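As structure tokens, the structure follows; a few thoughts come after it.
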Amino acid sequence: MFNFFASRKNRCPNRNLIYNLVNYDTVRKMIEDKDNIVIDVRTKREYDIMHINNAVNIPVDKIRCCENEYKNKKCIIVYCSSGIRTKEAINILNLLGYMNIYIWEYGALSNFPFKDMLIF
């Protein structure tokens, strides 16, 4: 699989995506910090089956509604199942002016290591 989230602070040459790639321990601390927001960009059905504790569900096709909603948040952490919708959400958030976006590798729930942080 191609890692389009390959560097620590990246501007993807093909997509001009701006985000920060952080390790798992760092993202765990960020998720626990209430000054940050965790956005699950999967469908409501996927979210209802399983999601990260304290994550809000904003499906990628609704993410444009966040234009001013999270401007006061220190960091925005975005994830989906595999990373594909994460990439799309980062693009939309960047277009809305958000540059304080953080993900772990691929921004994918499939490789999220902290099972104790998941709600089933």
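What follows draws every value from the coordinates through simple rules; no lab data is involved. Because the structure is a prediction, the values reported are computed rather than measured. Note: ideal-geometry Cβ built from the backbone for every residue, glycine included; neighbour counts use all protein chains shown.
Is one or more of the residues making up the stretch 81-90 surrounded by fewer than 19 Cβ atoms within 10 Å (Cβ to Cβ) and among the basic types (Lys, Arg)? No, the conditions are met nowhere in the stretch 81-90.
Inside the stretch 95-111, residues that are out of contact with any Cys (no Cβ under 6 Å at 6 or more places or on another chain) and buried (at least 18 other Cβ atoms within 10 Å of the Cβ) make up a count of 8.
The rows are residues; the columns are (1) in contact (Cβ under 8 Å) with a residue 12 or more places away in the chain; (2) among the hydroxyl-bearing types (Ser, Thr, Tyr); (3) touching a Pro at 6+ places or on another chain (Cβ under 8 Å); (4) closer than 25 Å to Ile119 by Cβ.
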{"position": "Val56", "(1), (2), (3), (4)": "yes, no, no, yes"}
{"position": "Asn68", "(1), (2), (3), (4)": "no, no, no, no"}
{"position": "Lys74", "(1), (2), (3), (4)": "yes, no, no, yes"}
{"position": "Ile77", "(1), (2), (3), (4)": "yes, no, no, yes"}
{"position": "Gly83", "(1), (2), (3), (4)": "yes, no, no, yes"}
{"position": "Thr86", "(1), (2), (3), (4)": "yes, yes, no, yes"}
{"position": "Asn91", "(1), (2), (3), (4)": "yes, no, no, no"}
{"position": "Asn94", "(1), (2), (3), (4)": "yes, no, no, no"}
{"position": "Asn100", "(1), (2), (3), (4)": "yes, no, no, yes"}
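Among the residues of the stretch 38-48, those identified as surrounded by 15 or more Cβ atoms within 10 Å (Cβ to Cβ), over 9 Å from the mean Cα position of the chain (by Cα) and not polar (S, T, N, Q) are Arg42, Glu46, Tyr47.
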